[in-house]
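I'd like to ask you about the structure that follows.
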Amino acid sequence: MAAGNDAALMNQGVMGLNSQLGNKLLLVVAAAAVVAVMAVFWLWSQQPDYRVLFSNYSDKDGGSIVAALEKMNVPYKFSDSGTAILVPAAQVHQARLKLASDGLPKGGNIGFEVLENQKFGVSQFVEQVNFQRALEGELERSIQSIGAVEVARIHLAIPKASVFVRDQQKPTASVLLNLRGGRSLDAQQVGAVVHLVASSVPNLPAANVTVVDQNGNLLSDTSKKMGSNNLDPTQLKYIEDIQQSIVKRVESIITPIVGAKNVRAEASAEIDFSSIEQAAESYKPNQKPDDAAIRSLQSNESLSSNGAGATGVPGALSNQPPANATAPLTTPEGANSSGAAADGAPVNNQKNIMTNYEVDKTVRYSQQGMGGIKRLNVAVVVNNMPVVDKAGKVTYRPLTEAEKTQINDLAMQAMGFNKERGDALAVVNSSFAGEPVEIIPEVPLWKNPEVIEYGKDALRFIVGIVVLIMIYKRALSPMLRKLTAPSPKLLNAPKDEDAVVNLSGEAGQAQLLSPAGSSNNLAAAKQLAKDNPRMVASVVANWTSGNE
């Protein structure tokens, strides 16, 4: 009976030992689980902030970017809409630089890199097609660099070269622009796109380039009237620059007198963009001979005479030769200059004088360049003069007549007033209305986006800390106390045989089977084997003999 009690006692000790080992193993597993949970919460509270790496990318570029990020071991995720790739904020710039070194993103356009992988033996037609595709892609990339353009598509129609002049055709180009939301291109920007394409393709005139937006609007319509009076954008900008220059000169000369922000000026300029070339030839009325310049003078005088007439009685005496001539000292009255008598000998005398005078003629050639000012209209409004009293208070008083005259003269000189041209200047003195102060409502602290972001981060950190503390106090700390608590002695086993016998009885079994003993069975078994080796040997001998 005593041997049976010893065996039962030993079995209970071994069972207590196994139970103690199982409890310790469960405590270790539970502690490891708690530590894992605490690590998860800590990582969650320290989760990095993600920022946009690239957005609005093509599918091909998106796959290439994701593959490159995986090679670089950079964590990433997609936005809710799937249109952006997000990476940790601390790695955004470094990732962009690394991807840019790999040529990502490519933008979905094929450029001249298509010519880098040419196969051997391709036909001339394929080479021409690849070159045209590369040229279109490069132009698309260049146009997409404009801020208002999101996507650009270009189609080039390049005819085949011909040796015959009559068969030669000019290339044409079509440009489709997808503009960003709320953005538009003015006429000057459209002209820049047209000239960019025309300058990139040989023999492509600007008139053969068509630009269309995503709504189907023809942006490069040259037949559309640009501005008033058929002025093109360059001329309109020229007029605006002249007006702004005049306004700036007027305000800058008056501001030192009345103070800053106390003068406003506006100018309207009429510009003549016509180019005139004129040649004029004018003749003045005939002048008096005395005042006129003689060009040439011709004088012609002729005298003819028939000689002396027949005199005397006809006959032999009248046929006698005349006597020797004698020169009288004076010319008889009635005789001509040749000495012949006026009444007996007929004389012919003719005198012609021709005088040519210079013609008074004026020839004038004039050429007027475009862009001349036809008329200027300037309006100036001046605020009342500020006056500071002794107390430092600022008051305003109207301008005196002398001050108005001074300001009017200065404005005339600054604008280049020309009365013959019909310029007009108006200077008005009036009190300026106070600028309305825009009251910006103060954003509550809990609605401030920055405060919200900081609050989210702080709340996540605090929640993580609180959860970790609660798990530590409620689960991990008790487990650690149980693992590290010293094992109290369940019983003080007697060293003599009587005590062993009493212990092996019902009272001893009841003591070992008590709640306190069951919780420390392993320690009790160890202590029992140490204090009573003979009893343990007896129990083991009974086990081996098969006696339970």
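Can you give the accessible area of residue 288 in Å² (nearest 10), computed on protein heavy atoms with a 1.4 Å probe?
140 Å²
While we're looking at this one, here's another question. Assuming R0 = 60 Å, can you tell me the calculated FRET efficiency for the pair residue 196 and residue 296, based on Cβ-Cβ distance, to the nearest 0.05?
0.30
I've got another one for you. Report the extension gain between residue 480 and residue 234 in nm, rounded to one decimal, defined as 0.36 nm multiplied by the number of residues separating them, less their alpha carbon distance.
Contour length minus Cα-Cα distance gives 80.0 nm.
Moving on. Please find the FRET efficiency linking residue 78 to residue 141, where r is the Cβ-Cβ separation and R0 is fixed at 30 Å, and quote it to the nearest 0.05.
0.70
Once you list every other residue whose beta carbon is under 12 Å from the beta carbon of residue 424, what net charge do they have if Lys and Arg are +1 and Asp and Glu are -1?
Around residue 424, the charge tally is +1.
Report the extension gain between residue 406 and residue 31 in nm, rounded to one decimal, defined as 0.36 nm multiplied by the number of residues separating them, less their alpha carbon distance.
125.6 nm
Another question, then. Please work out whether the stretch 345-438 counts as rounded, prolate or oblate from its C-alpha gyration tensor, where a ≥ b ≥ c are the square roots of the eigenvalues and a/c under 1.5 means rounded, while otherwise a/b larger than b/c means prolate and anything else oblate?
Verdict is prolate for the stretch 345-438.
Sum up the lysine pairs in the stretch 182-300 that clear both bars: alpha-carbon distance under 18 Å and a spacing of 8 or more or different chains.
4
Working out 0.36 nm times the residue gap between residue 397 and residue 55, then minus their Cα-Cα distance, what length gain in nm do you get to one decimal?
Extra length from residue 397 to residue 55 when fully extended: 117.2 nm.
Next up: Note down the nm distance, to one decimal, between modelled labels 7 Å out along Cα→Cβ at residue 354 and at residue 460.
11.6 nm
OK, next. Quick check: at a probe of 1.4 Å, how many percent of the accessible area of the stretch 153-192 sits on carbon and sulfur atoms?
The computed percentage sits at 50.
Continuing with the same structure: Under a 5 Å amide H to amide H cut-off, with H placed in plane at 1.01 Å, what residues pair with residue 427 once short-range neighbours are removed?
Residues meeting the amide H criterion: 380.
Per-residue accessible area for residue 220 at 1.4 Å probe radius, Å² rounded to 10?
Residue 220 exposes around 20 Å² with every protein chain in place.
Put a dot 7 Å past each Cα toward the Cβ at residue 131 and residue 168; how far apart are the dots in nm?
Reported label-point gap for residue 168 and residue 131 is 1.7 nm.
Taking 45 Å as R0, compute the FRET efficiency from the Cβ-Cβ separation of residue 443 and residue 264 and round it to 0.05.
0.85
If ligands, DNA and RNA are left out, what is the accessible area of residue 136 with a 1.4 Å probe, given in Å² to the nearest 10?
Solvent-accessible area, nearest 10 Å²: 30 Å².
Sequence-distant or interchain residues sharing an amide H contact under 5 Å with residue 51, placed H: which?
So residue 51 has HN proximity to 87, 89.
The values are calculated or read from the model by the stated rules, or taken from the named source; none is laboratory data. Every value quoted in this text rests on a predicted model; they were computed, and no experiment measured them. Counting neighbours? That spans all protein chains shown, and the Cβs are built from the backbone with ideal geometry, glycine included. Heavy atoms of the whole protein, side chains included, go into the accessibility calculation; ligands, DNA and RNA do not. Shrake-Rupley method; radii C 1.70, N 1.55, O 1.52, S 1.80 Å.
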